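Quick notes on the structure that follows.
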Amino acid sequence: MSSPRPQLLAIEQLQHSFGGVRAVDNVSFALHVGEVAALIGPNGAGKSTLFNLIDGQLVPQAGRVLFDGHSLALCSTAERARRGIGRTFQVAQTFATMTALQNVQLALVAAEGGAGWVRDRLWKLHIEAGHSLLGQVGLQKLAQSSAATLAYGDVKRLELALALAARPRLLLMDEPTAGMTPDERFALMHLIVEVARQNTMTVLFTEHSMDVVFGFARRILVLSRGRLIADDAPDAVRADAQVQRLYLGEAT
């Protein structure tokens with residue numbers, strides 16, 4: 001029997017409040033290298049707050065975030081990105097006036113700490129690597145297309161390429177399939193799972209589409225009012241009476 005993969009992320013008794021509202025309430029869990037897991041819960045459950053605590057946009061009021069065994073307490077968002085924590089957002093963040101290739105070139109320069117490049121020099125950098133990244137997400141034929149002209153599904157693929165430019169070991173994805181048709185959702189998630197497999201990358205994603213969650217996550221964590229109420233394989237979470245009552249609405 002093969003040994004389990006090493007632990008990458010550990011969340012220990014994390015807490016954060018806004019006024020009198022405990023957005024993240026004593027949450028603990030760990031993710032291992034190569035896991036693809038979903039974080040679900042109704043609006044206001046604390047999903048975005050938890051992501052912000054992991055990537056450094058918020059500072060926990062109690063508890064710890066450990067990455068590869070090391071505390072991130074003193075690490076900025078930029079330092080966490082350098083260590084291998086990437087993130088995509090519900091609203092895709094790309095440069096609409098640039099081509100798909102230029103978007104990726106810029107992300108590659110940023111990932112290596114480049115700054116102050118004049119434009120005529122910038123576009124001569126990372127051409128081959130940029131095409132390679134676009135090929136990974138199925139956009140190589142659209143390399144010279146302006147991001148503003150891309151279909152919405154292709155914009156989401158481009159955003160994935162931008163995240164991959166930093167070679168993340170952990171990728172946090174905030175509703176990656178929001179606004180997509182069912183076919184687009186499943187195509188993108190198939191791509192994400194395959195890219196994670198090829199790169200031994202850990203993925204934690206939030207998502208409101210239960211078809212996506214139960215179809216692609218190998219583990220599901222459920223938040224309700226800031227508390228982690230379930231953390232298990234999809235079949236076990238689907239059968240959990242508390243999850244059915246508080247989130248899925250399937251129990252009387």
Charge dipole magnitude, Cβ of K and R +1, D and E -1 - segment 94-158, Cα centre, debye nearest 20: 80
Over the chain, volume per residue of the alpha carbon convex hull, in Å³: 143
Distant-in-sequence amide H partners of residue 17 (H built 1.01 Å from N, under 5 Å): 23, 61
Principal axis dimensions, largest first and in whole angstrom, of segment 1-140 by Cα: 51, 48, 30
Kyte-Doolittle mean at least -0.5, axial Cα span of 24 Å or more - DSSP H helices of the chain: 182-199
More than 19 angstrom apart: percent of Cα pairs within segment 86-166: 27
Rounded to the nearest 20 debye, dipole of the chain from Cβ charges on Lys, Arg, Asp, Glu: 460
The chain - share of DSSP beta bridges that are antiparallel (%, nearest 5): 55
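Here, each number is a calculation from the coordinates, and none is a lab measurement. Since we're looking at a predicted model, the values are computed, not measured. Reconstructed Cβ throughout: ideal geometry from the backbone, glycine too, with neighbour counts over all protein chains shown.
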